[in-house]
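These notes are about the structure you will find just below.
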Amino acid sequence: MVLNNGSESSRPRCITILGSTGSIGCNTLDLIQRDPEAYQVEALTANSRVDVLAKQAIETNAKFAVVADESKFFDLKQALSGTSTEVGAGPSAVIEAAARSADWVMAGIVGAAGLHPTLTAVRRGVNVALANKECLVCAGDLMLAEVEKSGATLLPVDSEHNAIFQVFEFDQRPAIEKIILTASGGPFWNTSLRDMQKATPAEAVAHPNWDMGAKISVDSATMMNKGLELIEAHYLFLMPEDKIDVLVHVQSIIHSLVAYVDGSVLAQLGSPDMRTPIAYALGWPNRIQAPSPRLNLASIGNLSFESPDAERFPAIELARQALRDGGAAPTALNAANEIAVAAFLDKKIGFLDIAKTVEATVAKYSRTKILALDDVVAIDKEARIRAKECLTLCPIAI
Ligand code: NAD
Ligand code: MG
């Protein structure tokens, strides 16, 4: 990870939020709107929710608002008529938003759709708050090369990676034995395999501790989220796969840990509220106020820890294997997972078929190399087609 000097920036800071209408985007805006004098919003982007995007643009007096779905251009133009906000539509306008002169960009788009916009922000050499873990999973080496070239700083937003970032002594790297990612276990941690196959999308997105978008909620239920986070951690902290452990901690109070050679283990704790890690990334290298509920450990009483269950949650091992294989395997893993999760949410496959689809797809990519961004785009596209073919092998669910 590359860290800039992080000198205190002059106020107001100019920020862009990619994916402003999502869970991460709305939490970021919540923080910004608590201190409006401190920020100038350069650009906001959304996929299709024009009403929410227009409201956000008006409230923050954003300079540029973009909807990725081109067919919504006139709706957005109309909703923002009479304001000074410029309007754009289509994937190229999302990239244009990322290219504009913000000095802090939240990468809050979900999935590989966030790769080009996030890379565009990285290439500007600014602070990029990274929530979009999928772009590191599908193009980790290339992203890091761009970070290195531009001098950008990646500020981890994922709560686990943000926790590690807070307790990782970068100048003591040889003294770090391993990092330990905590996992809530999701809504099915205590559910039998039989009941998991019958699980509905509504049950899968009902996360016990966190309020998140649909895709990451399903990823948490399969624990593929932890698999993706393992790969994300490998790239963010340059740790080998065998030095990244996963620990199930159902209360989601300890957000992750770093173990040192002297036996010390440093952890970051907090209530499960994304505004804390987002505030850390927004204020970095300083700390800023966040309204997250304060931790009352006496009232929580006990914190528990368990090992992950590989039989009911095979996704973690699939991600480990993809990381060990390297090359195109993580790209294919991510693409297949996006297709399988969408099919599950669409009630086309059963819950356990998600990991089966990923496994069948990734197996075809264990030896394929990735040399350039074009390779990532090609493998992502091809793996999506193959994953769709695998879906047809799954029994129709529910
Ligand atoms: P979400 O579904 O709530 O929001 C996604 C955002 O991306 C929306 O603004 C949507 O309009 C936009 N978007 C979706 N598809 C797009 C496309 N094709 N082109 C352009 N924009 C598009 O998702 P979220 O829960 O906010 O998650 C966002 C990212 O942050 C994901 O990568 C997720 O893994 C990560 N993350 C989320 C949380 C959380 O608490 N929600 C925690 C850690 C990490
Ligand atoms: Mg996380």
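Quick check on Ser220: is it at pLDDT 95 or above and touching a Ser or Thr at 6+ places or on another chain (Cβ under 6 Å)?
In short, no.
If I go through region 98-128 residue by residue, how many of them are in contact with a Pro (Cβ under 9 Å, 6 or more places away or on another chain), outside any loop (DSSP other than H, G, I, E, B) and within 10 Å of ligand 1 (Cβ to nearest atom)?
The number of residues fulfilling the criteria is 4.
Cβ contacts < 7 Å: first residue within 28 Å of Val128 (Cβ to Cβ), restricted to region 285-305; second residue at pLDDT below 95 and of a type outside the set (A, V, I, L, M, F, W, C), any location; separation 6+ or different chain. Result?
Hits for this filter: Pro285/Gly6; Asn286/Glu8.
Are any of the residues in region 152-169 closer than 25 Å to Trp104 by Cβ, in contact with a Gly (Cβ under 7 Å, 6 or more places away or on another chain) and away from ligand 2 (no atom under 15 Å from the Cβ)?
Yes: region 152-169 contains one or more residues that are closer than 25 Å to Trp104 by Cβ, in contact with a Gly (Cβ under 7 Å, 6 or more places away or on another chain) and away from ligand 2 (no atom under 15 Å from the Cβ).
List pairs: first residue in region 384-398 and assigned by TED's automatic domain parsing to the domain that holds Ala113, second residue surrounded by 19 or more Cβ atoms within 10 Å (Cβ to Cβ) and modelled with pLDDT of 95 or more anywhere in the structure, Cβ distance under 8 angstrom, at least six positions apart or on different chains.
Filtered contacts from region 384-398: no entries.
Can you pull out every residue in region 225-245 that is hydrophobic (A, V, I, L, M, F, W, C), away from ligand 1 (no atom under 13 Å from the Cβ) and not in a loop (DSSP other than H, G, I, E, B)?
Leu230, Phe237, Ile244
Is there any pair linking a residue in region 20-40 that is within 16 Å of ligand 2 (Cβ to nearest atom) to one that is in a helix (DSSP H, G or I) and of a type outside the set (Val, Ile, Thr), with Cβ under 7 Å and at least six apart or on different chains, and which?
Here the result reads Asn27/Arg275, each pair linking region 20-40 to a residue that is in a helix (DSSP H, G or I) and of a type outside the set (Val, Ile, Thr).
So if I check each of Ala363, Ala383, Ala355, which one is at pLDDT below 95, within 19 Å of Gly227 (Cα to Cα) and hydrophobic (A, V, I, L, M, F, W, C)?
Ala363 is the lone residue from the list that is at pLDDT below 95, within 19 Å of Gly227 (Cα to Cα) and hydrophobic (A, V, I, L, M, F, W, C).
So which residues in region 265-308 are over 25 Å from Gln33 (Cβ atoms), away from ligand 1 (no atom under 16 Å from the Cβ) and either acidic (Asp, Glu) or outside any loop (DSSP other than H, G, I, E, B) (or both)?
Val265, Leu266, Ala267, Leu269, Leu297, Ala298, Ser299, Ile300, Glu306, listed by residue number.
Met239: at positive phi, at pLDDT 95 or above and among the aliphatic types (A, V, I, L, M), yes or no? If you could, list the steps in order and put the result at the bottom.
Working: at positive phi: no; at pLDDT 95 or above: yes; among the aliphatic types (A, V, I, L, M): yes.
Considered against the rule, which asks whether it is at positive phi, at pLDDT 95 or above and among the aliphatic types (A, V, I, L, M), Met239 comes out as no.
Find the helices (runs of 4 or more DSSP H) located wholly in region 132-210 whose residues include 2 or more that are surrounded by fewer than 21 Cβ atoms within 10 Å (Cβ to Cβ) and of a type in the set (A, V, I, L, M), and list them.
Filter on region 132-210 gives 133-150, 193-197, 201-205.
Can you name the condition, by its number, that Leu228 falls short on among (1) modelled with pLDDT under 95; (2) under 21 Å from Ile164 (Cα atoms); (3) of a type outside the set (D, E, K, R)?
Going through the list (1) modelled with pLDDT under 95; (2) under 21 Å from Ile164 (Cα atoms); (3) of a type outside the set (D, E, K, R), Leu228 breaks only (1).
Between a residue in region 121-142 that is outside the structural domain of Ala279 (by TED's automatic domain parsing) and of a type in the set (Asp, Glu) and any residue that is within 14 Å of ligand 1 (Cβ to nearest atom) and part of a loop (DSSP other than H, G, I, E, B), which pairs come within a Cβ distance under 8 Å, given they are 6 or more apart or on different chains?
Glu134/Val110; Glu134/Gly111
Go through (1) assigned to a loop (DSSP other than H, G, I, E, B); (2) under 30 Å from Ala363 (Cα atoms); (3) touching a helix residue (DSSP H, G or I) at 6+ places or on another chain (Cβ under 7 Å) for Ala322 and report which single condition fails.
Condition not satisfied by Ala322: (1).
Any residue at all in region 212-224 that is more than 10 Å from ligand 1 (Cβ to nearest atom) and either out of contact with any Phe, Trp or Tyr (no Cβ under 8 Å at 6 or more places or on another chain) or assigned by TED's automatic domain parsing to the domain that holds Asn334 (or both)?
Scanning region 212-224 turns up at least one residue that is more than 10 Å from ligand 1 (Cβ to nearest atom) and either out of contact with any Phe, Trp or Tyr (no Cβ under 8 Å at 6 or more places or on another chain) or assigned by TED's automatic domain parsing to the domain that holds Asn334 (or both).
Output the residues belonging to region 166-184 that are over 16 Å from Lys243 (Cα atoms) and within 16 Å of ligand 1 (Cβ to nearest atom).
Selection gives Gln166, Ala183, Ser184.
Sort through Phe313, Phe344, Phe351 and tell me the only one that's assigned to a helix (DSSP H, G or I) and either touching a helix residue (DSSP H, G or I) at 6+ places or on another chain (Cβ under 9 Å) or in contact (Cβ under 8 Å) with a residue 12 or more places away in the chain (or both).
From the options Phe313, Phe344, Phe351, the qualifying one is Phe344.
The values are calculated or read from the model by the stated rules, or taken from the named source; none is laboratory data. Keep in mind the model is a prediction, meaning the values are calculated, not measured. Here Cβ is always computed from backbone atoms with ideal geometry, including for glycine, and neighbour counts include all displayed protein chains.
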